[in-house]
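K.L.:
One structure coming up, written as structure tokens, with questions to follow.
The values are calculated or read from the model by the stated rules, or taken from the named source; none is laboratory data. Worth saying up front: this structure is predicted, and the values here are computed from it rather than measured. When we count neighbours, we look across all protein chains shown, and the Cβ atoms used for this are built from the backbone with ideal geometry, even at glycine. These accessible areas exclude ligands, DNA and RNA; they are computed on the full protein's heavy atoms, side chains included. Shrake-Rupley method; radii C 1.70, N 1.55, O 1.52, S 1.80 Å.
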Amino acid sequence: MRSLLLHGLRGVRSYSMSTVEQAKRAAAFMAVDQHVQNNTVVGVGSGSTVVYAVERLTERVKNENLQLKCVPTSFQARQLIISNNLVLADLETCPELDVAIDGADEVDAHLSCIKGGGGCQTQEKVVAAAAKKFVVVADYRKDSERLGQQWEKGLPVEVVPFAYKPVAIKMERMGFEPVLRMAKNKAGPVITDNGNVILDVKFDATQERDWKQVESDINNVAGVVEVGLFVGMANVAYFGMEDGTVKTRTP
Ligand code: 5RP
């Protein structure tokens, strides 16, 4: 595994960054550099790759005095924006964004994405849909020919809590295998930022599918808030690669 030694001040610890983390950082930095300018309204996604995008936004605000407004997609994103002293905005004051930058759990050859590994797909989709451009940042492990090749945990589906059982039965009848996502360090299910639960809906990855249709079929089930399928939304994906380069994909 290639690793980069990051040196702090003399006497302060230095640490190495794994190849995967370097890849996430390279992708996020390039995306911010290519899609953010002065006065940009930015949607800030959720997850571990977006942390690097916020690092770069913060650096550029300091170095270039950029005036940005940042709209979060989750509790985590809100905290990232606030703790880095970026300007926090919301969809009420900024209903139209210039760009949304977000991670993904898997991206296929057509830029269809599975999102929601962190349970934030509903706000992420609303923010992405309100943006002129949706930019995905990811490391090489997320790059797939077809969905399900790399990501084996299924489609994250946010569901209102009282409906989880009937929704699960409907998913089974649609040929899927739903699993209620359970919390770690808390008894019971994961509760989303919107107060809902998540069904991770496993699917047979060998089957050819029309993902737009799957997205609409799942979203049409009563009780479903949002499925983490983003089809026809991404304008570009940046993949940080193992060799330190960044690969881009456009539709
Ligand atoms: C959260 C998401 C994240 O964007 C996705 O899970 C990727 O996260 P990471 O950058 O940590 O791999 O959709 O709901």
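K.L.:
Under the condition of being more than 8 Å from the ligand (Cβ to nearest atom) and of a type in the set (A, V, I, L, M, F, W, C), which residue from segment 115-130 is surrounded by the fewest Cβ atoms within 10 Å (Cβ to Cβ)?
P.N.:
Residue satisfying both the conditions and the ranking: A129.
K.L.:
Still on this structure, I have one more. Here is a list: K184, K133, K153. Which entry is away from the ligand (no atom under 15 Å from the Cβ) and over 28 Å from V41 (Cα atoms)?
P.N.:
Answer to the check: K184.
K.L.:
With the condition kept exactly as written, say whether any residue in segment 154-176 is part of a strand (DSSP E or B) and surrounded by fewer than 15 Cβ atoms within 10 Å (Cβ to Cβ).
P.N.:
no
K.L.:
Now, a different point. What number of residues within segment 202-251 are part of a helix (DSSP H, G or I) and within 15 Å of the ligand (Cβ to nearest atom)?
P.N.:
Going through segment 202-251 one residue at a time, the tally reaches 1.
K.L.:
Scanning segment 66-81 for residues that are out of contact with any strand residue (DSSP E or B) (no Cβ under 7 Å at 6 or more places or on another chain) and without any contact (Cβ under 8 Å) to a residue 40 or more places away in the chain, which turns out nearest to the ligand (Cβ to nearest atom)?
P.N.:
Among those that are out of contact with any strand residue (DSSP E or B) (no Cβ under 7 Å at 6 or more places or on another chain) and without any contact (Cβ under 8 Å) to a residue 40 or more places away in the chain, it is Q79.
K.L.:
Of everything in segment 184-201, what is surrounded by 11 or more Cβ atoms within 10 Å (Cβ to Cβ) and in a loop (DSSP other than H, G, I, E, B)? Give them in sequence order.
P.N.:
Matches in segment 184-201: V190, I191, T192, D193, N194, N196.
K.L.:
May I ask you to list pairs of residues, at least six apart or on different chains, whose Cβ atoms are under 6 Å apart, with the first in segment 146-167 being closer than 11 Å to D105 by Cβ and the second being part of a helix (DSSP H, G or I) and not acidic (D, E)?
P.N.:
P156/Q121
K.L.:
Evaluate the following for R25: is it more than 15 Å from V137 (Cβ to Cβ) and either away from the ligand (no atom under 16 Å from the Cβ) or assigned to a helix (DSSP H, G or I) (or both)?
P.N.:
Here the answer is no, as R25 does not meet what is asked.
K.L.:
Out of curiosity, is N63 closer than 16 Å to T40 by Cβ, exposed (fewer than 15 other Cβ atoms within 10 Å of the Cβ), away from the ligand (no atom under 15 Å from the Cβ) and among the polar types (S, T, N, Q)?
P.N.:
yes
K.L.:
Report the residue count in segment 32-52 for those that are away from the ligand (no atom under 14 Å from the Cβ) and either open to solvent by 30 Å² or more (accessible area, probe 1.4 Å) or not assigned by TED's automatic domain parsing to the domain that holds V246 (or both).
P.N.:
Within segment 32-52, residues that are away from the ligand (no atom under 14 Å from the Cβ) and either open to solvent by 30 Å² or more (accessible area, probe 1.4 Å) or not assigned by TED's automatic domain parsing to the domain that holds V246 (or both) number 5.
K.L.:
Considering only residues that are touching a Ser or Thr at 6+ places or on another chain (Cβ under 8 Å) and either within 15 Å of the ligand (Cβ to nearest atom) or assigned to a strand (DSSP E or B) (or both), which ones fall in segment 86-107?
P.N.:
D98, V99, A100, D102, G103, E106, V107
K.L.:
Go over the candidates L180, L229 one by one and state the one that is within 30 Å of A28 (Cα to Cα) and surrounded by 12 or more Cβ atoms within 10 Å (Cβ to Cβ).
P.N.:
Every option except L229 fails the conditions.
K.L.:
If you don't mind, there's one more thing I want to ask. Is one or more of the residues making up segment 138-149 within 12 Å of the ligand (Cβ to nearest atom), at pLDDT 95 or above, touching a strand residue (DSSP E or B) at 6+ places or on another chain (Cβ under 7 Å) and open to solvent by less than 10 Å² (accessible area, probe 1.4 Å)?
P.N.:
Yes; the residues of segment 138-149 include at least one that is within 12 Å of the ligand (Cβ to nearest atom), at pLDDT 95 or above, touching a strand residue (DSSP E or B) at 6+ places or on another chain (Cβ under 7 Å) and open to solvent by less than 10 Å² (accessible area, probe 1.4 Å).
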